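Visitor: What follows is a structure written as structure tokens; I'll ask about it next.
The values are calculated or read from the model by the stated rules, or taken from the named source; none is laboratory data. Keep in mind the model is a prediction, meaning the values are calculated, not measured. Cβ coordinates were reconstructed from backbone atoms using ideal geometry, including for glycine residues, and neighbour counts include every protein chain displayed. The protein model used for the area step is the full one, side chains on, heavy atoms only, and it has no ligands, DNA or RNA in it. Shrake-Rupley method; radii C 1.70, N 1.55, O 1.52, S 1.80 Å.
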Amino acid sequence: MGQQVRRAGMVSVIVSGVASLLTTGQASAATSHATGTVVHLCGFPMIGQQPLDITAKFDSPGPVAAGGTFTPAAIAGTATFNAIHNATIFSAANYDGLRGKVTAPLTTTNTTPASATVTGLDMPEQITPYVPGPRTVGFTQNAATIVPTFTAGAPGEATVALGTTFKLEVDFHKRDGTWTPWTLNCTVKNTDPAQNRAFAPAIPVV
């Protein structure tokens, strides 16, 4: 009888341990949220407003308790210059890369605050030879990035979306090794219907 009790106790401990590991794993699993391509119009020197395609993504901890907080993590994205602008802005003007910082306003539903801004996203140095076609550069969160924290509202879901503006403070690299600073102030292009700026999926609030 004593051996049976000990075996039963060991089984109980093992089962509890496995359940605990599974629960911990589920709690710590991140959920990825991403936008589609959002077309912006950006002010370029000399050539004025030109389109720039932006995508973005971030990770959340998964479901958030009502009244609880969450902070977007692992923020990253891309900016894509179309083939014409790659040929003119880059190739014809002797530029072959860039580096800089990105500022990305966000809007939300069912959170406090309802809007906030991510600053200091890093666009690391990206120098590549000209290849006909679009040119895509990436940006990502690093230790210097300032990311807002949001408080979830009522049970249901919270959504996060790119704001209507976007800013790239960049240095364009010339083939002779010099750098030229540009600030690209961008606004979401007006379309009918309006572009979907939301990150998907929404964040469950429980």
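Visitor: From the residues in the stretch 60-70 that are part of a strand (DSSP E or B) and of a type outside the set (A, V, I, L, M, F, W, C), which one is most open to solvent (accessible area, probe 1.4 Å)?
Guide: My answer is Thr69.
Visitor: Now for a different question. So, in the stretch 40-59, of the ones that are at pLDDT below 95 and polar (S, T, N, Q), which residue ends up surrounded by the fewest Cβ atoms within 10 Å (Cβ to Cβ)?
Guide: That would be Gln49.
Visitor: So for the stretch 75-94 (the condition being under 23 Å from Ala114 (Cβ atoms) and among the hydroxyl-bearing types (Ser, Thr, Tyr)), does at least one residue qualify?
Guide: No, the stretch 75-94 contains no residue that is under 23 Å from Ala114 (Cβ atoms) and among the hydroxyl-bearing types (Ser, Thr, Tyr).
Visitor: Between residues in the stretch 149-161 that are at positive phi and residues that are modelled with pLDDT of 95 or more, which pairs lie under 7 Å by C-beta distance while being six or more apart or on different chains?
Guide: Cβ pairs passing all conditions: Gly156/Asn110; Gly156/Val205.
Visitor: So which pairs qualify, if the first residue must be in the stretch 87-100 and under 10 Å from Thr128 (Cα atoms), the second must be of a type in the set (Val, Ile, Thr), the Cβ gap must be under 6 Å, and the two must be at least 6 apart or on different chains?
Guide: So the pair list comes out as Asp96/Ile127; Gly97/Ile127; Leu98/Val170.
Visitor: Do you know which of the residues in the stretch 71-92 that are under 18 Å from Cys42 (Cα atoms), of a type in the set (A, V, I, L, M) and not in a strand (DSSP E or B) is most open to solvent (accessible area, probe 1.4 Å)?
Guide: So the residue we want is Ile84.
Visitor: When the residues of the stretch 103-130 are narrowed to those that are of a type in the set (A, V, I, L, M) and more than 23 Å from Ile84 (Cβ to Cβ), which ends up surrounded by the fewest Cβ atoms within 10 Å (Cβ to Cβ)?
Guide: Selected residue: Ala114.
Visitor: Here's another thing I want to ask about it. Report those strands (runs of 3 or more DSSP E) wholly inside the stretch 131-206 carrying at least 1 residues which are open to solvent by less than 40 Å² (accessible area, probe 1.4 Å) and over 19 Å from Pro105 (Cα atoms).
Guide: Per the criteria, 135-140, 165-174, 179-188, 203-205.
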